[in-house]
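Enquirer: Here you go, one structure.
Derivation of every value follows stated rules applied to the coordinates shown; laboratory data play no part. Because the structure is a prediction, the values reported are computed rather than measured. Neighbour counts are summed over all protein chains in view; Cβ atoms, including those assigned to glycine, are modelled from backbone coordinates with ideal geometry.
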Amino acid sequence: MILRELFETNFSIFISIFLFSEFFIWLELLLILIFLVLKFLRKKPFDYKKFFLQALFSLVSFYLIKIILDYYFGRPRPYLSFGYDYFSYIFPTNKTFLSGHSGLGMIFAVLSFRISKFLSYFNFFLSTIGGILRSLLLIHWPYEVIASWWIAFLISTLLYNIYKE
């Protein structure tokens with residue numbers, strides 16, 4: 001009921017929350033790129049090859065696991081289960097088990113640990129807020145967001161240790 005009231009009475013707030021939940025990943029990626037460029041311009045030693053290999057394998061591994069788990073364990077999204085069908089024109093309607101946005105946010109947070117601890121903590125914060133908002137907007141069940149964080153964290157941490165400098 002709260003979601004519907006927010007949608008009907010405070011549409012601009014609803015859209016702001018929705019847009020942040022969709023685009024926090026791009027903010028994380030932009031910050032990573034800015035920090036990488038600053039490292040490059042300051043000519044600080046950094047193994048870009050290992051960084052990009054870790055990024056590539058983290059993303060591919062997570063999304064392969066996501067596709068498999070979505071196929072076997074996917075459930076209707078919460079807003080459909082609660083009868084908010086009128087959101088289907090802006091929210092995805094496919095069945096899901098893992099939140100791709102939350103997992104990707106966590107992968108970026110772990111990746112950014114190679115660049116800067118401050119950036120990593122900030123990206124963890126953005127990922128957490130983005131995941132919580134995705135649950136509050138009924139795009140994902142809370143367990144989907146939490147499972148995405150953990151799976152992405154485990155994959156990224158494993159690959160971080162493999163590609164350790």
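Enquirer: Given R₀ = 35 Å, what would the calculated FRET efficiency be for Leu33 paired with Tyr143, taking r from the Cβ atoms and rounding to 0.05?
Expert: The calculated FRET efficiency here is 0.65.
Enquirer: Now a separate question. Using a cut-off of 30 Å between alpha-carbon atoms, which lysines can reach Lys43, once sequence neighbours fewer than 8 places away in the same chain are excluded?
Expert: Result set, ordered by chain and number: Lys117, Lys164.
Enquirer: Take each uninterrupted DSSP H stretch in the chain, measure its Cα extent along the helix axis, and return the ones at 24 Å or beyond whose mean Kyte-Doolittle hydropathy is at least 0.5.
Expert: Result, helices passing both filters: 11-41, 48-73, 117-136, 142-162.
Enquirer: At 7 Å along the Cα-to-beta-carbon direction for both Lys49 and Leu64, put a label point, then send me their distance in nm to one decimal.
Expert: Result: 2.2 nm between the two label points.
Enquirer: For the chain, what is the mean residue ellipticity at 222 nm derived from helices alone (per DSSP H run of n ≥ 4: -39500 (n - 2.57); sum divided by total residues; nearest 500 deg cm²/dmol)? The partial results should precede the final answer.
Expert: On the way: 7 runs with 123 residues, N = 165.
Helix-only estimate at 222 nm: -25000 deg cm²/dmol.
Enquirer: Roughly speaking, what is the stretch gain from Phe23 to Phe82, that is 0.36 nm per residue apart minus the C-alpha to C-alpha distance, in nm to one decimal?
Expert: Stretched fully, the Phe23-Phe82 segment lengthens by 18.8 nm.
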